[in-house]
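Colleague: Here it is, the structure in full.
Here, each number is a calculation from the coordinates, and none is a lab measurement. Since the model is a prediction, treat every value here as computed from it, not as a measurement. Heads up, the Cβs are rebuilt from the backbone with ideal geometry, glycines too, and the neighbour counts pull from every protein chain shown.
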Amino acid sequence: MFFQQLINGIALGSTYALIALGYTMVYGIITLINFAHGEIYMVGAFVGLFATAILKVNFLVAMLIAMLVCVLLGVLVERIAYRPLRKSSRLSALISAIGVSIFLSTLAQMLFGANAKGYPEGVFPVKQITIGSAEISTLQLLIIAISAILMIALEFIVHKTKIGKAMRATSEDYNTAALMGINVNMVISFTFALGSALAAAGGVLVGLLFNAVSFNMGLMAGLKAFAAAVLGGIGSIPGAMLGGLLLGVTEVAGVAIGFSSYRDAIAFAILVLVLLVKPTGLLGRKIQKKV
Amino acid sequence: MGDFLQQIVGYINPYYLQILVNIGIGIILALGLNVITGLTGQLSLGHAAFMSIGAFTSALLTIKLGMPFGINLILTGFITAAVAALIGLPILRLTGDYLAICTLGFAEIVKVVFLNLDITNRALGLTVPAAATSIPMPIVVWGVVLLTIICVTFIHNSRFGRALMAVRGDEIAAEAMGINVTLYKVQSFALGAFIAGVGGGLYAHFMGYINPSDFGFLKSVDILSMVVLGGLGSITGSVIGATILSAAPEFLRFMASYRMLVYGGLLVCMMIFRPNGLMGNVSFTGLVLRALGRKPHLKKIMEQKISETSRSGNGDT
């Protein structure tokens, strides 16, 4: 029972973590809460759905297509809605992000209708594996595996490549990085691209897991992923992973104990409690206040 | 008196009356949030939670106790403010985006709790009986709007308001000047919540039906957009922002399903072209004085300069 719930929680948590990474990377570089990120995840789920249902491709190919489309979308959103606002106050950029979010979810509602749609049968043949007393579906294992691979790839990009170095430099100090000859605009676009690709992968995986894709799935998932990012310490990549997993596991545990009607509140209650004890999140850097 | 006012209200087309009341309630909520986010500089993404608490408290006071509407509203305001102070005391120690996500989380928790309580009728929502007053609701709403504008203007120019602006400008510097930062933050939070609670009470009695889901994240965002669109810290701005955004969905109604699409696009465009809000650098009294051919009062100019520099300072961190 315990093991079973743990696996459920980790599978759910890894999808939160995938989305949370996008929030945390963007925040780390331009200190913007990208509220449109949840919508990118929703678009990813839809693209994956259409790729499997209409193009009849393998779900891995569908995921790659979704990631590609969302990379383009993410970069486009940054170019149109955030770049002109980079020099103005953060709240303006925040409202702009919220505007994009409303725009995208309404567009999805108009194009795809208000009803939730499921992935076609047999996209991924689900088998149940019994380990001890726990029944684990191959789908859950797949989600955990893909999330892990993507996160390792991300760690590799951020720490071992030149563009990753540029990202870290830009997030350390935007102006100095620009002075050192880093093309900051390019780095920011790249960050949005990475985050959007991860969110799209998360969208396809969640679409498979719950077998439901709808125009408003981005809002709650986005808020929870944002909570996960803050829980881990916003701006910190390992923090987002940890926060996502922690939220997933506690949420599943809460539901298992019998608080299922409080499901959406659990994540936020944990968040508020942790922040009260550790105000910069679990792995967040301590901010030194200067006058 | 009541009959006479009822007659006046009767002359107005009910559809326009509804829009007018929506605008009025929007203004009240925006002014409340403006105290917290505009004046004190604390970003709140959960203002709808206070509206929700106010709406349900006020509705329950009418349903269970049949309390006169005036006392009901004041009591509602105080209860909401007390809840805000209780919540604010721990979470206002956080700064910036950590505070924002905490208020967001608090709002979600309030929503889910109300969806599960028997007294708030769970997910079915409450049907609110008519308010126990002879004055028609639209007049009450606009009376409260005027009262709120007067109070908030008074606060802006008071010692208390200046302390809040100092906190917005720089917390450490404010503390060095002997301002108890946490105390002032909690007070501004409670004040904003008081106003939101009253707005919620009015909303509940005007609509006649409330549901916890009406006060979700999107409602908070709506209110925040009004404040930012109008220009942070500007009372005139909040009023104009609330008027535009409350009326916009109605004027966009002819576009039916494109409505929210345009609304989202509108938010982005407005921010790109007026990043400091419509009334960001303009003060209403200054405009009037200039129109009359007089120079604005020197003190006013100074205050404006100070708030401008502090705002741009906020933008960088």
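Colleague: Can you tell me the 0 to 90 degree angle between the C-alpha axis of helix A:217-232 and the longest principal axis of chain A, rounded to 10?
Modeller: Taking Cα atoms only, the helix is inclined about 60 degrees.
Colleague: May I pose another question? Using alpha carbons only, how many degrees (0 to 90, rounded to 10) separate the axis of helix B:217-230 from the longest principal axis of chain B?
Modeller: Computed tilt is about 50 degrees.
Colleague: Related question: In region A:86-119, which trypsin sites (Lys or Arg not before Pro) are in a loop and have at most 12 other Cβ atoms within 10 Å, using DSSP for the loop call?
Modeller: The qualifying sites are A:K87.
Colleague: Lys/Arg Cβ at +1, Asp/Glu Cβ at -1, dipole of region A:2-277 taken about the Cα centre: which of A:L64, A:A193, A:Y41 is farthest positive-ward?
Modeller: Looking along the dipole axis, the top candidate is A:A193.
Colleague: Relative to the first principal axis of the alpha-carbon coordinates of chain B, what is the inclination of helix B:181-207, with its axis defined by its Cα atoms, in degrees from 0 to 90 and to the nearest 10?
Modeller: 30
Colleague: Hey, another quick one. Using a basic spin-label model with each label point 7 Å from the Cα along Cα→Cβ, how many nm lie between A:N183 and A:V61?
Modeller: Taking the simple label geometry, A:N183 and A:V61 are separated by 3.2 nm.
Colleague: Order of A:H37, A:H159, B:H205 from fewest to most other C-beta atoms within 10 Å?
Modeller: A:H159, B:H205, A:H37
Colleague: Spelling out what I want: for every residue of region A:202-216, take phi, set θ = phi - 60°, compute 6.51 cos²θ - 1.76 cosθ + 1.60 (Karplus), and round to whole Hz; glycine and proline get x.
Modeller: x, x, 5, 5, 5, x, 5, 5, 9, 6, 8, 10, 9, 5, 9
Colleague: Given the options B:G54, B:G105, B:G46, which has the most mean-square fluctuation in a GNM of chain B, springs set between C-alpha atoms less than 10 angstrom apart?
Modeller: Highest fluctuation of the listed residues: B:G105.
Colleague: Further, regarding this structure: Arrange the following residues from fewest to most other Cβ atoms within 10 Å of their Cβ: A:L141, A:L21.
Modeller: Listed from fewest to most nearby Cβ atoms, that is A:L141, A:L21.
Colleague: Something else now. State, to one decimal in nm, how far the label point of B:R159 lies from the label point of B:T133, with both points 7 Å from Cα in the Cβ direction.
Modeller: Going from the B:R159 label point to the B:T133 one covers 3.2 nm.
Colleague: Toward the positive end of the charge dipole of region B:2-216, about the Cα centre and with charges on Cβ (Lys, Arg +1; Asp, Glu -1), which of B:V145, B:G77, B:N116 goes farthest?
Modeller: B:G77
Colleague: While we're here: Run the dipole for the protein assembly as shown about the Cα centre, Lys and Arg Cβ at +1, Asp and Glu Cβ at -1, nothing else charged, and hand back the magnitude in debye, nearest 20.
Modeller: Dipole about the Cα centre, nearest 20: 1360 debye.
Colleague: Still on this model: Roughly what would the spin-label model give for A:Q5 and A:S133, points 7 Å off Cα along C-beta, in nm?
Modeller: Spacing of the two 7 Å Cα→Cβ label points: 1.2 nm.
Colleague: Enter the Cα centre distance for the pair region A:41-101 and region B:218-275, rounded to the nearest angstrom.
Modeller: Here the answer is 23 Å between Cα centres.
Colleague: Give me a comma-separated list of calculated 3J(HN,Hα) values for region A:265-280, in order, Karplus coefficients 6.51, -1.76, 1.60 applied at θ = phi - 60°, integers in Hz, x for any Gly or Pro.
Modeller: Ordered by residue, 3J(HN,Hα) equals 7, 4, 4, 6, 4, 4, 4, 4, 4, 5, 5, 5, 7, 10, x, 10 Hz.
Colleague: Considering amide H positions built from the backbone, and no H for Pro or chain starts, which residues 5 or more places from A:R86, or on another chain, come under 5 Å of its amide H?
Modeller: The answer is none.
Colleague: Apply the Karplus curve 6.51 cos²θ - 1.76 cosθ + 1.60, θ = phi - 60°, to the phi angles in region A:29-40 and return the couplings in whole Hz, x for Gly and Pro.
Modeller: Once rounded to whole Hz, the list reads 8, 10, 6, 10, 7, 7, 5, 7, 4, x, 6, 4.
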